[in-house]
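Only one structure is covered here, and it is reproduced in the block below.
The values are calculated or read from the model by the stated rules, or taken from the named source; none is laboratory data. On a predicted model such as this, the values are computed, not experimentally measured, just so you know. Using ideal geometry, Cβ is built from the backbone for each residue, glycine included, and neighbour counts are taken over all protein chains shown. Remember, those area values only see protein heavy atoms, side chains included, never the ligands or the DNA or RNA. Shrake-Rupley method; radii C 1.70, N 1.55, O 1.52, S 1.80 Å.
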Amino acid sequence: MTTSLAKLVGAGMLAMATLGAAHAADDATFQGLGGKAGIKKIVATFIPLIQADPRIKESFTDIDMKNLALRLEEQFCVLSGGPCEYKGKDMKEIHDGLNITNAQFNALAEDLQIAMEQVGIASRYQNKLVAKLAPMQRDIVTK
Ligand code: HEM
């Protein structure tokens, strides 16, 4: 009786440890970015950098930056494996007609990296997030 209970508990703990490990592997980038609070900080640092960047700031005049910040938070959370839902528009649809160039795309990606650096995100997680954004270039750049 004692043995089987011990075995059962042992099996349960093993299962939990395995599931825990799988979960940790999936959301490692999300954790590396500091979870939801960390992503909020990154976006709050990123937005003013975008608005001050002479290479791209004109694109963001008359844009609802509060909405943009919320959508970016959701998007970064999902992309990094966090427990979120992206409620914004498709990348192709929202950037269509904005005539975004490769240089502008790179400028924005650079600002994001500066924001992550300022917030103190480890470079391996900075790179993970940027790597997730890179394939979006073909949907965003139209010029
Ligand atoms: C990796 C690159 C980029 C990502 C991940 C990204 C992501 C997003 C997201 C999530 C939204 C909000 C969508 C929504 O409201 O439903 C958005 C909107 C917008 N993005 Fe980007 N973006 C990128 C690059 C750029 C670049 C390079 C520019 C211009 C220089 C730009 C200009 C805009 C503008 C103006 C809006 C607002 C459009 C509107 O409200 O009508 N984006 N972007």
- Hits among aspartates and glutamates - C-alpha to C-alpha of K87 under 14 Å, sequence gap 8 or more where chains match: E73, E74
- In order over segment 129-143: 3J(HN,Hα) from phi, Karplus 6.51/-1.76/1.60, θ = phi - 60°, whole Hz, x for each Gly or Pro, gives 5, 4, 5, 6, 7, 3, x, 6, 3, 5, 8, 8, 7, 10, 10
- Note on the structure: Treating only Lys and Arg (+1) and Asp and Glu (-1) as charged, each at its beta carbon, one finds that segment 36-96 has a dipole about its Cα centre, in Debye to the nearest 20, of 280
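Please state, as a whole number in µm²/s, the translational diffusion coefficient that the Stokes-Einstein equation yields for segment 42-143 at 4 °C and 1.567 mPa s, with Rh defined as the Kirkwood radius across alpha carbon pairs. Kindly include the intermediate steps, with their values, before the conclusion.
Working: Rh = 14.0 Å.
Estimated diffusion coefficient is 92 µm²/s.
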- Largest first, what is the accessible-area ranking of R55, R124, R138, R71 with a 1.4 Å probe? R138, R124, R55, R71
